[in-house]
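Student: One structure is given below, represented as structure tokens, and several questions about it will come after.
The values are calculated or read from the model by the stated rules, or taken from the named source; none is laboratory data. Everything quoted here is computed from the prediction, not taken from an experiment. Cβ atoms come from the backbone with ideal geometry, glycine included; neighbour counts cover every protein chain shown. With ligands, DNA and RNA removed, areas are computed over all heavy atoms of the protein, side chains included. Shrake-Rupley method; radii C 1.70, N 1.55, O 1.52, S 1.80 Å.
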Amino acid sequence: MEIVVDAGDTTRTYEVVATRAGRRVDTAVRRGVVEVSEVTRNGSVVRTARFMANRVLALVEQPVPRSEEGEGE
């Protein structure tokens, strides 16, 4: 997940990824804050990035690249 944030005179891009198999990235908007969290299979939060909602310009979800193994056999 890429987060594009207005930083005054420029924009900044942050990236939150599921670093291990079985993890996912969850997004929530609460009380004017956008939270992007990496979460394990059982629901434990590994890390969270928080941004003021009025500064967030875009949330870009990247698709998971598929492996080429097993295709064309």
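Student: Select one label from [x] 52, 30, 14; [y] 56, 28, 14; [z] 43, 26, 17: the one whose number is Cα extents along the principal axes in Å as derived from the coordinates shown.
Tutor: Only one listed value fits the structure, namely [x].
Student: How much area per residue is accessible in the chain when the probe is 1.4 Å and only protein heavy atoms are counted (Å²)?
Tutor: Heavy-atom SASA per residue in the chain reads 79 Å².
Student: Could you please state how large a percent of the accessible area of the chain is carbon and sulfur, counting protein chains only and using a 1.4 Å probe?
Tutor: Here it works out to 45 percent.
Student: At Arg50 and Glu35, where each label point lies 7 Å from the Cα along Cα→Cβ, what is the point-to-point distance in nanometres?
Tutor: The answer from the label model is 0.8 nm.
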